[in-house]
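To start, the structure under review is shown below, and the notes come after it.
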Amino acid sequence: MPEVNIAPAAAEDEILPEYRKTALLVSTYLMLLFVLRYIAVIVINLFVSSVQDTMEYQTMYIIQLSISGFFLQILPSVIGAFMFGYIGKNSRGKLKRLYSIPKSNTRAIGNFSAVYGLAQMVNVITMIVTYMFTSQADLTKKLNTVAEQQQGGMAGAFFMFFMLVVIAPVFEEFMFRGVILHALKPYGSGLSIFVSGILFGIYHGNFQQCFYTAAAGIALAYIANVTGSIFPTTVIHAIMNSVGGVMILLMNTSGVQEYIMNGNENAIPDSEMFWVAMYGIFMVSVLIFILVGFIAAIMKIKQIKRFRAPKVWGEVSNGKKVGILLLSVPAIISIIMMIDVYGGFSVSLIHDLIAKGGA
């Protein structure tokens, strides 16, 4: 008679009650992130409608960025710190350990090129696929964001740089590689890495950013899992965002704006051609770096088993764990809100209602 192994079932009974509590906590936190996004939209629209005729646009743009950063990054981090025990009587130095500098810190940060190359290659693929399935005839209009990034002027560009390089890395790493990753880690490193990474992509609230930020989130979560710290991932995140920040600064020079929007070099003053040349060199360098980084990412993925591959608990399948997470009431509400946010339905409605109310 073959031996019957009943250990997995017994272990499952031990794991699931605690996991259900953690899954409920994580899904509630995700729901909170979407609720705060709605609040940010309402506050920003109320603010704009009340000051748009009296306040200089650059100042208004900077205040909008500040409101967005507060509701989407700072406030969720503070709430998450309390929800998951990083602040309070039972914190026991959790926050300090989370930011401890690992022995492999330099090596971990050295993965920046691979993480950036992987994420941006996914971004390029996403943009190409998006273009293929749209009726947009002009690819340059579909892909470049100059019209959006120049709205705040150079002052707004510098403030955006600060938000990208300081605020976003510090608070987003805590939210996803700190709070969510470490909450799920006891139930399987693989589960925690992929769930936290995918939620990081969803958190960005639009299709163009969702896929490449999810790829970056998974890679950063792996590094945080291996090192046990979010210090190196915060540094990598800041360096990655600084590339976009420099791009925004260059886009806000009048010469680069003229060149990108109209492509007319003859209309650009000689004094501005330096910035056009710098923009061209920078963009070519970024493209080369993306290709080199993507190759590095492929090589690291192939070699990953030689180091510390994520271990996944075998007692309960990851499919069942994900199912438990997705079928919680807060998760279902979050999915509905995600569909709404990505479709822009409530955002447009809020904007129209506030605009009509202020008319």
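Here, each number is a calculation from the coordinates, and none is a lab measurement. Every value quoted in this text rests on a predicted model; they were computed, and no experiment measured them. In this analysis, Cβ positions are derived from the backbone assuming ideal geometry, glycine residues included, and neighbour counts consider all displayed protein chains.
If you count, for each residue, the other Cβ atoms within 10 Å and average over each peptide, how do 16-26, 181-191 line up from highest to lowest?
181-191, 16-26
Considering only Phe82, Ser68, Met163, whose Cα is most displaced toward the positive end of the charge dipole of the range 7-358, charges sitting on Cβ of Lys, Arg (+1) and Asp, Glu (-1)?
Phe82
Just from its helices, what would the mean residue ellipticity at 222 nm be for the chain, if runs of 4 or more DSSP H residues each count -39500 (n - 2.57) and the sum is divided by every residue, rounded to the nearest 500 deg cm²/dmol?
Computed mean residue ellipticity for the chain: -23500 deg cm²/dmol.
Can you sort Tyr212, Tyr131 from fewest to most other Cβ atoms within 10 Å of each residue's own Cβ?
So the residues, fewest neighbours to most, are Tyr131, Tyr212.
Counting only C-alpha contacts under 8 Å and six or more residues apart, can you give the relative contact order of the range 7-358 as a whole percent?
In percent, rounded to a whole number, it is 30.
Charges on Cβ only, +1 for Lys and Arg, -1 for Asp and Glu, centred on the Cα centroid of the range 7-358; of Met337, Ile39, Tyr187, which one is farthest towards the dipole's positive end?
Final value for the positive-end residue is Tyr187.
Please give the net charge around Ile42, taking every other residue with its beta carbon less than 15 angstrom from that of Ile42, where Lys and Arg add +1 and Asp and Glu add -1.
Neighbour charge sum, excluding Ile42 itself: 0.
How do Ser50, Ser328 line up, fewest other C-beta atoms within 10 Å first?
Exposure proxy ranking, most exposed first: Ser50, Ser328.
Multiply the residue gap between Ile101 and Leu287 by 0.36 nm, knock off their C-alpha separation, and tell me the result in nm, one decimal place.
Details: separation 186, 0.36 × 186 = 66.96 nm, distance 3.12 nm.
Extending this stretch completely gives an extra 63.8 nm.
Students often get this wrong, so check it: of Lys21/Lys320; Lys185/Lys302; Lys185/Lys321; Lys185/Lys320; Lys89/Lys185; Lys94/Lys185, which have C-alpha atoms separated by over 18 Å?
Lys185/Lys302; Lys89/Lys185
Which distance in nm do the two modelled labels at Leu326 and Met154 give, with both placed 7 Å along the Cα-to-Cβ direction?
For Leu326 paired with Met154, the spin-label model returns 5.0 nm.
In nm, to one decimal, how far is the modelled label at Lys21 from the one at Met55, with both set 7 Å along Cα→Cβ?
Spacing of the two 7 Å Cα→Cβ label points: 4.4 nm.
Given points 7 Å out from each Cα along the Cα-Cβ axis, report the Ile63 to Phe162 separation in nanometres with one decimal.
Spacing of the two 7 Å Cα→Cβ label points: 1.6 nm.
If each residue of separation counts as 0.36 nm, what is the full-extension length gain between Val35 and Ser242 once their alpha-carbon separation is subtracted? Each step should come with its number before you reach the end.
Values: separation 207, 0.36 × 207 = 74.52 nm, distance 2.84 nm.
Gain on stretching Val35 to Ser242: 71.7 nm.
Treating only the Cβ of Lys, Arg, Asp and Glu as charged (+1, +1, -1, -1), what charge dipole size does the chain show about its Cα centre? Round to the nearest 20 debye.
1600
Which label belongs to the value computed from this structure, given these candidates for semi-axes √(5λ) of the Cα gyration tensor in Å: [x] 32, 28, 18; [y] 36, 22, 20; [z] 38, 26, 19?
[z]
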